[in-house]
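One structure is given below, encoded as structure tokens.
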Amino acid sequence: MSEQTPSHGHEDGHDHDHDHDHDRDHGHEALHGDALARGQAIRAEALEQILIDKGILTATEVDNYIETWNTRIGPMVGARVVARAWVDDDFKARLQADATGAVTEVGVNPGRLERLEVVVNEPGVHHVVCCTLCSCYPWTILGLPPNWYKSPEYRSRIVREPRTVLAEMGLELDDDVRIQVWDSSAEVRYLVVPERPAGTEHLDEDALAQLVTRDSMIGVGRPATP
Amino acid sequence: MEGIHDMGGVEGYGRPTHVPNEEVNVGTRWEAISGAALFALLRSGVTNIDAHRHRIERLDPTRYLPLTYWGRWLAAVESAMVEQGVADVSEIEATIHAKGHDPADSAAPPRMHPVDGLESRSNQPGFLRDVDHQPRFAVGDLVTTLRHPPQPGHHRLPRYCRGRSGAIVRSYPAFTLPDTVAHGRGEHPTYLYAVAFAATELWGPEADPAQTCHLDLFETYLEPARTEPHVRADP
């Protein structure tokens, strides 16, 4: 029996055809753009079917997922927390001591988020949140993470040059403003309480909540002004 | 794992594409399948969130960047199903056929860095655990991080903070340890701390003197400070 070198198969016409078939049968490596998205849809629907057949997933769960994250849970949840903190100093103190418990006072259910922490902006101190290892984000407080939060651009640079990145994102901070970056590297999730905008003394809590933007609760923007 | 996912401080990426406060939606049904399937796999104990994160880290780095966030989730879901014995690749392809598609038109199966010891999680859900010992550190303590990964495989000690000294600014309860949970090696509840590092400690003397980075680090990643850090406790 002759010794086969590792390269033997690659030089053999039959094996080459076999490799080609192998790639074809196992899905397409080189898809991109719309073809990739269509290829992912085909694959996802097969996985969904298998999980339903095996009793792991129910057919309604996918619809519920869309309903939950596209309509029910989003930045308006966190906005209620921030607006209450703006009008109620005692609540703000409880929030800083035990955010996970305090948010239930405004009807927020942290769900599977077991440890929420707030970081509170003040004159001269600005907080911003990220996750450099993946895309950890307080889903049950802010909803789905935006695409830029999950991007290599944000994840790589916000810890190294936050003042520059924030300026690129439209938030100019003076050089003497201290920037505190919070990299969510474990299961604690962070919510920024931005500074209450000037000229809002006449607004009630509900009106204030309308000014609280998602970006301001991550720390890459400011609340809206009335 | 020393993978492409560990992006903190890596240079060469440009400006984030950012539209202020743009609404975020699950845009397509396949993305929702990826999300709902992951939650179902977690709920049923087929996998756990730490193993899921490790699967994303284990994606071939040449595939990691071109895939979207949901694309990575889909790959990790399929990988969990195959590795945990829910389905094999031939069953997935047969199902693609049965639904009227040519497998050649489907996305490729995930190409993964191999791993040993991934098991389903059969313990109680959640992350917080009561432990019968006291934390080693307290707020205000100065600590130095390990210079190397705490172990092969999954962990949560980013490269950019290794071997650096900082101050503990928040002290947290014990959490299940991702390093072992991801590999089916038990929960090993471990105290967690928010540690503040001066940007000059992380990036050098030219860094922004008014910048601090905080990371949430497990007690096993920390030692009493070997060097005077550039930052003291600043809760």
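The values are calculated or read from the model by the stated rules, or taken from the named source; none is laboratory data. Quantities reported herein were computed from a predicted structural model and do not represent experimental measurements. Quick reminder, even Gly has a Cβ in these numbers, built from the backbone with ideal geometry, and neighbours come from all protein chains shown. Ligands, DNA and RNA are stripped out before the accessible areas are found, and what is left, the full protein with its side chains, is counted by its heavy atoms. Shrake-Rupley method; radii C 1.70, N 1.55, O 1.52, S 1.80 Å.
Here are some notes:
- Against chain B, whose longest principal axis comes from its Cα atoms, helix B:29-43 is set at around 70 degrees.
- Between B:Gln151 and B:Thr28, the modelled labels are 3.8 nm apart [label points 7 Å from Cα along Cα→Cβ].
- Note that segment A:58-72 has calculated 3J(HN,Hα) couplings of 9, 4, 6, 5, 5, 5, 4, 4, 4, 4, 5, 8, 8, 10, 8 Hz, one per residue in order, obtained from phi through the Karplus relation 6.51 cos²θ - 1.76 cosθ + 1.60 (θ = phi - 60°); glycine and proline are x.
- Counting protein heavy atoms only, segment B:78-177 has 48 percent of its accessible area on carbon and sulfur, 1.4 angstrom probe.
- Rounded to the nearest whole Hz, the Karplus-based 3J(HN,Hα) values (6.51 cos²θ - 1.76 cosθ + 1.60, θ = phi - 60°) of segment A:183-195 follow the sequence 8, 6, 8, 9, 9, 7, 10, 10, 10, 7, 9, x, 6, with x at glycine and proline.
- The HN-Hα couplings worked out from phi for segment A:78-84 by the Karplus form 6.51 cos²θ - 1.76 cosθ + 1.60 (θ = phi - 60°) are x, 4, 5, 5, 5, 4, 5 Hz, whole numbers, x standing for Gly and Pro.
- Of B:Gly186, B:Gln84, B:Thr212, farthest towards positive along the dipole that unit charges on Lys, Arg, Asp, Glu beta carbons give segment B:83-235: B:Thr212
- Length released on extending from B:Phe39 to B:Asp116, taking residue separation times 0.36 nm less the Cα-Cα span: 25.4 nm
- Selection from B:His113, B:Gly14, B:Gln134, by position along the positive dipole direction of the protein assembly as shown (Cβ): B:Gln134
- Model label points for A:Thr60 and B:Thr227, set 7 angstrom from Cα along the Cα-to-Cβ axis, are 5.9 nm apart.
- Amide H partners (placed H, <5 Å) of A:Trp182, local residues excluded: A:Val128, A:Val129, A:Cys130, B:His214
- For segment B:4-25 and segment A:89-165, distance of Cα centres in Å: 16
- GluC sites (Glu not before Pro) within segment A:144-199, DSSP loop, no more than 12 other Cβ atoms inside 10 Å: A:Glu172
- The accessible-area loss of segment A:119-139 on complex formation, taken against its chain alone with a 1.4 Å probe, reaches 30 Å² or more at A:Thr132, A:Leu133, A:Cys134, A:Trp139.
- Accessible surface of chain A, 1.4 Å probe, proportion on carbon and sulfur as whole %: 47
- Pairwise burial B:A, computed as accessible area of each alone minus the pair, summed, 1.4 Å, Å²: 8100
- Converting the Cα gyration tensor eigenvalues of segment A:133-226 into ellipsoid dimensions via √(5λ) gives semi-axes, longest first, of 24, 17, 11 Å.
- Solvent accessible area, Å² - B:Phe39, 1.4 Å probe, full protein context: 50
- The heavy atoms of A:Asp204 present about 90 square angstrom of accessible area, all protein chains included, probe 1.4 Å.
- Across chain B, the convex hull enclosing all Cα atoms gives 160 Å³ per residue.
- Size check on segment B:106-235: the Cα extents along the three principal axes, sorted descending, read 49, 43, 24 Å.
- Ligands, DNA and RNA are left out, and with a 1.4 angstrom probe the accessible area of the protein assembly as shown is 43 Å² per residue.
- For B:92-100, mean number of other protein chain Cβ atoms within 10 Å: 4
- Protein-protein interface of segment B:139-170, residues with accessible area decrease of at least 40 Å², isolated chain reference, 1.4 Å probe: B:Arg156, B:Arg170
- Cβ neighbours within 10 Å from other chains - mean over B:53-66: 1
- Span per principal axis, largest first, for the Cα atoms of the protein assembly as shown (Å): 80, 50, 45
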